[in-house]
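Okay, so here's the structure we're looking at.
The values are calculated or read from the model by the stated rules, or taken from the named source; none is laboratory data. Note that the coordinates shown come from a computational prediction; the quantities given were computed from them, not determined experimentally. No Cβ is skipped: glycine too gets one built from the backbone with ideal geometry, and neighbour counts run over all protein chains shown. With ligands, DNA and RNA removed, areas are computed over all heavy atoms of the protein, side chains included. Shrake-Rupley method; radii C 1.70, N 1.55, O 1.52, S 1.80 Å.
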Amino acid sequence: MSKFKPNQLVYVPSSLLPDGDREIFAMVRKRVNSVSARSIKVDLPGGIVSGSIGSSKAHAKIGIAIISIGDFDTEISLISPLSKSILQFSRLLLPDDHIASVTIRSLAELSGWWNRYQKGYTHIILIGHGDSTALYFGVGGATTPTQIGASLSPIGADKKIFISLCCEHGMPPFASDFSNLPFCDSLIAPESSIHGAAASQFVQTILNLHLLQGKSKKVAYNNANDLLPGKESFSMWQNGKKI
């Protein structure tokens with residue numbers, strides 16, 4: 001059974017539509033014309049109906065939130081430039097009102113933002129410092145997934161794709177515990193320390209493949225990982241298990 005219904009508004013990759021290369025953004029909003037088991041067709045201008053588009057390539061909603069976690073020491077030299085590079089690339093993919101970029105320094109600040117705005121976003125990018133056990137805040141220090149989950153679990157939160165650029169977040173116990181949180185669809189994160197330039201490249205590549213080219217998150221992740229320079233690599237976790 002399709003996850004979409006006729007007449008529903010959805011986002012589809014512009015690259016899959018006729019003259020899609022003329023669109024400004026990677027994802028465009030269209031109305032579903034018809035559905036089948038694994039695909040949909042959408043209405044196009046002039047009364048035209050699109051060809052079949054895989055349901056996995058369409059999204060009921062889409063939004064990217066870039067959350068920079070300040071540490072006082074590397075905000076100017078690393079965290080800010082990295083967040084700006086991802087923000088500007090994201091603006092080539094989606095309209096500005098589908099993107100958020102915030103800088104916080106404590107779990108309380110993150111909780112305040114999350115509980116107000118999380119429903120608008122499907123992809124969360126975490127920029128900061130961490131290790132295989134914790135995420136580090138400028139105020140409050142090391143924070144475990146259990147502590148994060150206790151602050152960021154409003155009732156009814158949609159599951160989201162998290163891409164963490166914090167060192168070692170792709171390793172247990174952090175990765176397994178975080179990917180088990182009720183609002184986490186999947187966690188993609190580096191298995192070791194990672195240079196800011198490589199982290200920026202990875203995010204831009206995976207978002208390009210996933211949103212612009214319409215590849216599944218797993219295929220986009222695999223391809224982006226293969227293109228990373230050197231020995232750096234990311235892992236993907238879901239429901240406490242490495243994919």
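Look at segment 1-60 and say how many of its residues are part of a helix (DSSP H, G or I), in contact with a Leu (Cβ under 9 Å, 6 or more places away or on another chain) and either among the aromatic types (Phe, Trp, Tyr) or open to solvent by less than 20 Å² (accessible area, probe 1.4 Å) (or both).
The qualifying residues number 1.
Find the residue count for segment 69-80, including only residues that are part of a helix (DSSP H, G or I) and surrounded by 15 or more Cβ atoms within 10 Å (Cβ to Cβ).
Matching residues across segment 69-80 total 4.
Quick check on my filter: what residues within segment 94-147 are of a type in the set (Gly, Ala, Ser), in a strand (DSSP E or B) and either without any contact (Cβ under 8 Å) to a residue 12 or more places away in the chain or closer than 11 Å to residue 65 by Cα (or both)?
100, 101, 141, 142
Of these, 208, 180, which one is surrounded by fewer than 23 Cβ atoms within 10 Å (Cβ to Cβ) and either modelled with pLDDT under 95 or in contact with a Cys (Cβ under 8 Å, 6 or more places away or on another chain) (or both)?
Unique residue meeting the criteria: 208.
Could we say that residue 161 is open to solvent by less than 50 Å² (accessible area, probe 1.4 Å), out of contact with any His (no Cβ under 7 Å at 6 or more places or on another chain), within 25 Å of residue 11 (Cα to Cα) and part of a strand (DSSP E or B) here?
Judged against the criteria, residue 161 is not a match.
Checking the condition of a type in the set (Ser, Thr, Tyr), at pLDDT below 95 and on the phi < 0 side of the Ramachandran plot, which residue from 153, 200 passes?
The unique qualifying residue is 153.
Check whether at least one residue in segment 170-177 is touching a strand residue (DSSP E or B) at 6+ places or on another chain (Cβ under 6 Å), in a strand (DSSP E or B), surrounded by 20 or more Cβ atoms within 10 Å (Cβ to Cβ) and not hydrophobic (A, V, I, L, M, F, W, C), and report yes or no.
No, segment 170-177 contains no residue that is touching a strand residue (DSSP E or B) at 6+ places or on another chain (Cβ under 6 Å), in a strand (DSSP E or B), surrounded by 20 or more Cβ atoms within 10 Å (Cβ to Cβ) and not hydrophobic (A, V, I, L, M, F, W, C).
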